[in-house]
Amino acid sequence: MSTVASARGAKPEISGPVMGMILFVASEAMFFAAFFAAYFTIKANEPVWPPPGVPHLKIDIATLLTVILVTSSVCVQVAVRSTRAGAMRRATVWLGITIGLGVALLALQAYDYSQLGFELKDGVFGTLFYVMTGIHMAHVVGGVVFLSLVFAQLLRGGVTREHHDPLAAGAIYWDFVDVVWICLFTVFYLLTPR
């Protein structure tokens, strides 16, 4: 924060890394919006949805995935707040928990894929499901890698109370991944007849 801004009581400027992440997340939101638009357009033009022959999606594992991801978003926010309070050890612990939950989410999602009973090639529903959830998984992998790099910076003392932009940017990205999953969960598991 600049001295002039603090002397006048103005709000601090958004840093470059945080602004860059906001812009990146905005572009990714448009990317996912296009997929959701395609999904609803295709669904509206099908007489029966999901098409015949597609096994019903079970909600149990998907619900657990949702709980894990929402919990991980809370954890990353606690890490950010801890950093801003100067509690670096606590921030490191909460960020580590976030990363662990992200890895658990990926493993459970892979297991869920093995239990579904349909594949990418099994019609338009299978294609949409695997492409949309698969792209989300790729974003989770990216988030885990990004947060792991921030975690390493935390351990080395490169993230401090005064310089925590990488963690703030990572939290914005991770919360975006959470919101996208909630949309996917709603569309595929709650709004699709079972």
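The values are calculated or read from the model by the stated rules, or taken from the named source; none is laboratory data. This one's a predicted model, so the numbers in the text were calculated from it and none came from an experiment. All Cβ positions, glycine included, derive from the backbone under ideal geometry; neighbour counts span all protein chains shown. All accessible areas refer to the heavy atoms of the entire protein, side chains included, with ligands and DNA or RNA removed. Shrake-Rupley method; radii C 1.70, N 1.55, O 1.52, S 1.80 Å.
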task: Quantify, in whole percent, the carbon and sulfur part of the accessible surface of the chain (1.4 Å probe; protein heavy atoms only).
output: 67
task: Please work out how much length the chain gains when fully extended from Ile14 to Arg90, using 0.36 nm per residue of separation minus the C-alpha to C-alpha distance, in nm with one decimal.
output: 24.9 nm
In Hz, Karplus ³J(HN,Hα) per residue of region 85-96 (6.51, -1.76, 1.60; θ = phi - 60°; x = Gly, Pro): 8, x, 8, 5, 5, 5, 4, 5, 4, 5, 5, x
query: Between Thr63, Thr41, Thr98, which gets the highest mean-square fluctuation from a Gaussian network model of the chain, Cα cutoff 10 Å?
result: Thr41
message: Suppose the chain between Ala104 and Leu155 were pulled fully straight at 0.36 nm per residue; how much longer would it get relative to their current alpha carbon spacing?
response: 16.2 nm
field: Integer Hz, Karplus 6.51/-1.76/1.60 couplings in order for region 27-34, x for Gly and Pro
entry: 5, 5, 4, 5, 4, 5, 4, 5
- prompt: Given just the C-alpha atoms of the chain, how large is their convex hull per residue in cubic angstrom?
  reply: 120
message: Given the whole protein assembly as supplied and a 1.4 Å probe, what does the accessible area of Glu46 come to in Å², nearest 10?
response: 70
query: Modelled label-to-label distance, Thr71 and Leu120, 7 Å Cα→beta-carbon offset: nm?
result: 3.0
field: Solvent-accessible area per residue for the chain (1.4 angstrom probe, square angstrom)
entry: 52
Karplus-derived HN-Hα couplings along region 35-44 (A = 6.51, B = -1.76, C = 1.60, θ = phi - 60°), whole Hz, x at Gly and Pro: 5, 5, 4, 4, 4, 5, 5, 5, 4, 5
- request: Work out the length of the dipole vector of the chain about its Cα centre, built from +1 on the beta-carbon of each Lys and Arg and -1 on the beta-carbon of each Asp and Glu, and round it to the nearest 20 debye.
  value: 620
- prompt: Which value does Rg/Rh take for region 103-194 over its C-alpha atoms, Rh per Kirkwood?
  reply: 1.10
query: What residue among Ile61, Ile99, Ile172 shows peak mean-square fluctuation when the chain is described by a Gaussian network model with Cα springs under 10 Å?
result: Ile61
query: When the chain is treated as a GNM, springs tying every alpha-carbon pair under 10 Å, which of Gln77, Gln115, Gln153 comes out with the largest mean-square fluctuation?
result: Gln115
- prompt: In whole angstrom, how far apart do the alpha carbon centroids of region 47-94 and region 140-189 sit?
  reply: 12
task: Show the residues, 5+ positions off or on another chain, whose built amide H is closer than 5 Å to the amide H of Val159.
output: Leu154
Residue among Phe151, Leu105, His163 farthest towards the positive dipole end of the chain, charges placed on Cβ: His163
